[in-house]
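Worksheet: one structure, shown below.
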Amino acid sequence: MGRALAGAERARAGLIACALAMVAACAVPASVGASQHRDPIHKIRHVVIVMQENRSFDEYFGTFPHADGLSRDSRGRFTTCVPDPRAGRCQRPFHDPADTNAGGPHYHESAVMDVDRGRMDGFIRSVEQSQDLDTDKTACMVAGHAPSCVDVMGYKTGADIPNYWSYARHFVLQDHMFEPSDTWSLPSHLFMVSAWSAHCSDSSRPATCKTDLGFPDSDGNTSSNPLAQQGTGAGLGILTPADPDDVQGSPRKPDYGWTDITYLLYRHHVSWRYYLALGTEPDCPTGQMTCPPQPQAVSTPEIWNPLPDFQTVHHDRQLGNIVPDAQLFDDARWGKLPAVSWVIPSGDNSEHPFGTVSAGQNHVTRVIDALMKGPDWKSTAIFLAWDDWGGFYDHVAPPRVGGQQYGIRVPGLVISPYARRGYIDHHTLSFDSYLRFIEDDFLRGQRLDPRTDGRWDPRPTVRERARGLADLRRDFNFKQRPRRPLVLPFGTANIPGPMALPQPFLPPLPPR
C-alpha cells in the first residue's frame, strides 16, 4: 500500500513537472506572439509631413486615371463648364502646362463664392470681381499672363508634373483630402499643428481663445488694419507690420495660447522638428500688392512658421526644434530623423503663385529622395499635401464632418515602404487625419482634447474623433514586404535665390 502511494505521488509529481515544463516552454512563444500582435502602426517610427502651397486636386490630378477627377462626356468633352461673367459664356477645364500660374483669391469669402452652395461654379467670378477692383495688374503682367490672369480652370498632366504623378502611381493618391477649413494659409497651418485656429485675448489663458479663421495672429487684429477688424484681411494676404511679440527675444507673450501637438509630444518624450526653408515669406507684410522680398527665418513667427508663436513651445523650451531645412538632409543621411517632423517651403519653392511649379516639385523630390536614401526610410511615412486650393478649380463640394466645414479639396499623397502600391484612397480626409495618425502611433491615442490634455481651451470639437473622418491606416499594408525607394531626378530650380516676383496674387476684397 505504501509503495502504491509513493508511486502515485511520484506520478503526480511527474505530471506537475511536465505541466510546468510545458508552461515554461510556451512562455517564450507567447511573448513573441504578444509582440507580433502589437499595433502594426508602430512599424512607422518617423512621420514626415511635407506641406506645399495653393493647388487644388483637379488642377494637379484631375485627369489621373481612376481618380475622382474631371469627367468627360461620350464625345470626350469635359462635362464641367464654369460661368465666366466677363466673357458672357462658360469655360471648360483646359490643359495649362505653364510653369507659372496666377490662381485666384483664396480667403473665406472667395471659398464661399467658389463653392456656391455646392455648385462649385464661382471660381472665375471670384477672380474677375477681385480684378475689377484691382488697379494694379502689374503682378500679372510681370508673370507673363494676359491682363485677365484667369487661369483657375487650367489643369496639369503627368507630363507637366511627372514626379508627383510617379509618386501617385507607385504609392497612394488621396482624392478626397480636404483643407481643414475653408480659408487661407495661416489657419490651415495652424490646423496642421493644433487642429484649431483661434485668437486669444490673453494667450497665457487658453480659456480666452476663440475660433478665428481670418487672421488669428494679433498682427491682423489691430486698429491699424480695418480689413482685419472685418475678419477678412488675412484672406487677402494683407498684413500689418509685425507685432512686438514677433521679434526674437521679445518680452511680449506669444499670440497662440491653445494646445498644439508639440505639447503632447513633449510630455510623451516624443522627438519632433520643424524644418523650415530659408528664403522669402509668401506675402507682403504691409499690405501692398507688390513689395520687396521679406525674409523667412526660423526665429520669426509668420504664416508658414506658426510654432514660435505658441505659448506651449516657449514654455517647453522647444524653439530649438524649429530649424533650417538644410538640417533635414543631414538628419536623413545619418539616420537621425525625429519621430515627427514637418517640412515647410519658402516662397521660392512653395508652388504658391507666382512661384513656379517646377521649383516646388524639385524641392519636394529632393526632400523625398533624401528620406528614401537614408537608413530611416524603412520605418518612415511621408504625407505630402498642399495647404489650400489657391483659387484653382475643383469639382467636389467640401463636406461638413463632425460639425466642421472642410475647405476645398487639395492633393494628398502617402509615400512609405508600407504604403499600398498604386492605391487611390477615396475616403474623406483632412489634415486632422495626420494628427490622429501621430497620436495613435506615438501618444497611445491621446487626442488634443481639453478634457484630457491638461490645458483646457474652448475649441468646438476634438476634430481627430470626428465621425466621417477616415483613418490613414487604410493607406498602408503593414504585412507587405517593405517597399524599395523610388529615387527620382530633380533639377536645380529648388535652390532658393533672390525673388523677383511678389507673392501671392491676392486682390482686394469685393464690396459686400
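The values are calculated or read from the model by the stated rules, or taken from the named source; none is laboratory data. Worth saying up front: this structure is predicted, and the values here are computed from it rather than measured. Methodologically, a virtual Cβ is constructed for each residue, glycine included, from the backbone with ideal geometry; neighbour enumeration extends over all protein chains shown. Quick note on the areas: whole protein, heavy atoms, side chains included, nothing else; ligands and nucleic acids left out. Shrake-Rupley method; radii C 1.70, N 1.55, O 1.52, S 1.80 Å.
Summary of computed values
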| quantity | calculated |
| --- | --- |
| Top-ranked residue in segment 156-190 [being among the hydrophobic types (A, V, I, L, M, F, W, C), open to solvent by less than 10 Å² (accessible area, probe 1.4 Å) and part of a helix (DSSP H, G or I); ranked as farthest from Ala419 (Cα to Cα)] | Leu186 |
| Filter result (of a type outside the set (Phe, Trp, Tyr), in contact with a strand residue (DSSP E or B) (Cβ under 6 Å, 6 or more places away or on another chain) and surrounded by 18 or more Cβ atoms within 10 Å (Cβ to Cβ)) within segment 408-423 | Arg409, Val410, Pro411, Gly412, Leu413, Val414, Ile415, Ser416, Ala419 |
| Qualifying residue in segment 476-487 (condition: at pLDDT 95 or above and of a type in the set (S, T, N, Q)) | yes |
| Given (1) of a type outside the set (A, V, I, L, M, F, W, C); (2) assigned to a loop (DSSP other than H, G, I, E, B); (3) out of contact with any Pro (no Cβ under 7 Å at 6 or more places or on another chain), index of the condition Tyr434 fails | (2) |
| Of residues in segment 364-394 being open to solvent by less than 10 Å² (accessible area, probe 1.4 Å) and assigned to a helix (DSSP H, G or I), the one nearest to Gln131 (Cα to Cα) | Val364 |
| Check on Pro345, closer than 26 Å to Tyr263 by Cβ, crowded, with 24+ Cβ neighbours inside 10 Å and in contact (Cβ under 8 Å) with a residue 60 or more places away in the chain | yes |
| Pairs, first within 21 Å of Leu70 (Cα to Cα) and acidic (Asp, Glu) in segment 118-134, second at pLDDT 95 or above and crowded, with 21+ Cβ neighbours inside 10 Å, C-beta under 7 Å, six or more apart | Asp121/Val82 |
| Test: residue in segment 406-422 that is closer than 13 Å to Glu464 by Cα, touching a residue at least 24 places away in the same chain (Cβ under 8 Å) and among the aliphatic types (A, V, I, L, M) | no |
| Pick from segment 102-125, criterion out of contact with any Leu (no Cβ under 7 Å at 6 or more places or on another chain) and among the acidic types (Asp, Glu), ranking: surrounded by the most Cβ atoms within 10 Å (Cβ to Cβ) | Asp114 |
| Enumeration of residues in segment 309-330 that are open to solvent by 10 Å² or more (accessible area, probe 1.4 Å) and part of a helix (DSSP H, G or I) | Gln311, His314, His315, Leu319, Gly320, Asn321, Ala326, Gln327, Phe329, Asp330 |
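Residue by residue, here is whether (1) within 23 Å of Val487 (Cβ to Cβ); (2) modelled with pLDDT of 95 or more holds:
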residue: Phe329; (1), (2): yes, yes
residue: Ile344; (1), (2): yes, yes
residue: Gly355; (1), (2): no, no
residue: Gln361; (1), (2): yes, yes
residue: Val367; (1), (2): yes, yes
residue: Met372; (1), (2): yes, yes
residue: Trp389; (1), (2): no, yes
